[in-house]
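Have a look at the structure below, then the notes.
The values are calculated or read from the model by the stated rules, or taken from the named source; none is laboratory data. In this text, all values refer to a predicted model and were calculated from it rather than measured experimentally. Counting neighbours? That spans all protein chains shown, and the Cβs are built from the backbone with ideal geometry, glycine included.
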Amino acid sequence: MDFIFAGFFVACVIFSFFLHKFFLNKSKKHTLKKANISGIRWGSQSKPVSGGITIYVFFIVGLLFHLFYTEDNPNFENPLVGIAIVVTLSFLMGLSDDIINTSPYFKFFVQILSGIILIRFGIYISIFPYEYFNYLITILWVVGIMNSINMLDNMDAVTTIVSISIFLGLLVNYFLFFSNLDSGIAFILIGTLAAMISFLYFNWSPSKMYMGDNGSQVLGSLLAAISILLVWNNTQSHCVCAIPKQILMVILIFLVPMVDTTTVTINRLLKGKSPFIGGKDHTTHHLVYRGFSEKNVAIFLFIISLISVFLSVYILNFVKKPGITIQILLWVFISVVFLALYINTKVTKQK
């Protein structure tokens, strides 16, 4: 089975590279660029936003390969069907926004609907004894992660390389703790990860193309859904005492996008601005104002994310009940990362 996974990954990296290249070449003849060219963005809005198409295609490839390899009969009650519906819905919503610049309310509606669909298929955070509390936090989680990944996509390669680290963590979680779960989870993670790795060649600074909202919304919805299965519900205890550990683990694995979203939200609200309007005030931008190159920003945040994801995976799978000392140290690590990036936005001037 491991050989199948490895072979599938290599094949997906190769074929996704050529599909990315195909869409890049086609974009030169058939324009697929951001409709809102007047929006405040860090990079040029004249570059193609077709990267997300290949990422979505290889999510579907992973799903289809699973069905072919296992010869399972499609079952509408299967959680994978719910994930496929949500990711497809998110892709179409993101693509619509790229092409016609849709309303933020429309995106918010689709994100809430995505959370409801996941709940319908049995994919929801299960930490409270009262189901409606679990449903509410699930919807908040899905909306939050989809927006967080979308907002992080503000500079070449940052969202791509940070998401790669998160996908790696989820895959390790699957193979260490959830190998008895539907193998379709592994195949869709591997297919999507492979497409992002090949996309990095085109998205690395100076980028040739972006993933667009069609890509960031796919990643956000998929990460939100899979993290519920492999992180939030990765516990042998369903009592309230498990909640602090689970919250700590999900913050660790999504530390970089959460810190950026929290920082931007706080700063914009303090200035009386909407957190959902683009700007050059992200943690990434202020690192450039500090003197980092765009490439170094991507590498720096990747290292932080990789360390944070590793800590989350290690605690989830090898420390059944982390002591108070370990928890304090982890919260200190989270606080240091947040304060360092947040304070930097206060002491560096926007250019």
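Residues in the stretch 194-204 that are part of a helix (DSSP H, G or I) and surrounded by fewer than 23 Cβ atoms within 10 Å (Cβ to Cβ): Ile197, Leu200, Tyr201.
Applying the set (1) farther than 21 Å from Ile149 by Cα; (2) touching a Leu at 6+ places or on another chain (Cβ under 8 Å); (3) at pLDDT 95 or above to Phe59 leaves exactly one unmet item: (1). If you go through the stretch 108-124 and keep only what is closer than 17 Å to Ala225 by Cβ and not in a loop (DSSP other than H, G, I, E, B), you end up with Val110, Gln111, Ile112, Leu113, Ser114, Gly115, Ile116, Ile117, Leu118, Ile119, Arg120. Pairing residues of the stretch 267-290 that are more than 14 Å from Asp153 (Cα to Cα) with residues that are surrounded by 13 or more Cβ atoms within 10 Å (Cβ to Cβ) and of a type in the set (A, V, I, L, M), at Cβ distances under 6 Å and at least 6 apart in sequence or on separate chains, gives Leu287/Val297. Kindly indicate whether any position in the stretch 141-154 is charged (D, E, K, R) and more than 15 Å from the chain's Cα centre (by Cα). Scanning the stretch 141-154, I find no residue that is charged (D, E, K, R) and more than 15 Å from the chain's Cα centre (by Cα), so the answer is no.
Of all residues being polar (S, T, N, Q) and in contact with a Phe, Trp or Tyr (Cβ under 7 Å, 6 or more places away or on another chain) in the stretch 211-233, which is modelled with the lowest pLDDT? Just the residue, please. The qualifying residue modelled with the lowest pLDDT is Asn214.
Every condition in (1) in contact with a Phe, Trp or Tyr (Cβ under 6 Å, 6 or more places away or on another chain); (2) crowded, with 17+ Cβ neighbours inside 10 Å is met by Gly94 except one, and the failing one is (1). Contact map, the stretch 127-151: first residue on the phi < 0 side of the Ramachandran plot, second residue surrounded by fewer than 17 Cβ atoms within 10 Å (Cβ to Cβ) and β-branched (Val, Ile, Thr), Cβ cut-off under 7 Å, separation 6 or more or different chains; pairs are Ile127/Ile243; Ile139/Ile112; Ile139/Ile116; Val143/Ile112.
Residues in the stretch 162-175: is at least one polar (S, T, N, Q) and either under 14 Å from Val87 (Cβ atoms) or within 15 Å of the chain's Cα centre (by Cα) (or both)? Show your work before the answer.
Going residue by residue through the stretch 162-175, those that are polar (S, T, N, Q) are 163, 165, 173.
Filter again for either under 14 Å from Val87 (Cβ atoms) or within 15 Å of the chain's Cα centre (by Cα) (or both), leaving 163, 165.
Yes, the conditions are met somewhere in the stretch 162-175.
Yes or no, residue by residue, for (1) buried (at least 18 other Cβ atoms within 10 Å of the Cβ); (2) within 27 Å of Leu339 (Cα to Cα):
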{"residue": "Thr192", "(1), (2)": "yes, no"}
{"residue": "Pro206", "(1), (2)": "no, no"}
{"residue": "Tyr210", "(1), (2)": "yes, no"}
{"residue": "Val218", "(1), (2)": "yes, no"}
{"residue": "Leu222", "(1), (2)": "yes, no"}
{"residue": "Ile253", "(1), (2)": "yes, yes"}
{"residue": "Asp260", "(1), (2)": "yes, yes"}
{"residue": "Asn267", "(1), (2)": "yes, yes"}
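Counting only residues that are modelled with pLDDT under 90 and in a helix (DSSP H, G or I), the stretch 328-351 holds 0 of them.
Mind checking which residues of the stretch 156-179 are of a type in the set (A, V, I, L, M, F, W, C), over 25 Å from Val110 (Cα atoms) and surrounded by 20 or more Cβ atoms within 10 Å (Cβ to Cβ)?
Restricting attention to the stretch 156-179, the residues satisfying the condition of being of a type in the set (A, V, I, L, M, F, W, C) are 157-158, 161-162, 164, 166-168, 170-172, 175-178.
Still in the list and also over 25 Å from Val110 (Cα atoms): 157, 161, 168, 171-172, 175-178.
Of everything in the stretch 156-179, those that are of a type in the set (A, V, I, L, M, F, W, C), over 25 Å from Val110 (Cα atoms) and surrounded by 20 or more Cβ atoms within 10 Å (Cβ to Cβ) turn out to be Ala157, Ile161, Leu171.
Taking the stretch 334-345 as the range and being touching a residue at least 40 places away in the same chain (Cβ under 8 Å) and either under 16 Å from Leu252 (Cα atoms) or of a type outside the set (S, T, N, Q) (or both) as the test, the residues that pass are Ile334, Val337, Phe338, Leu341, Tyr342. Among the residues of the stretch 110-134, the one identified as crowded, with 16+ Cβ neighbours inside 10 Å, farther than 13 Å from Trp232 by Cβ and either among the hydroxyl-bearing types (Ser, Thr, Tyr) or in contact with a strand residue (DSSP E or B) (Cβ under 6 Å, 6 or more places away or on another chain) (or both) is Ser114.
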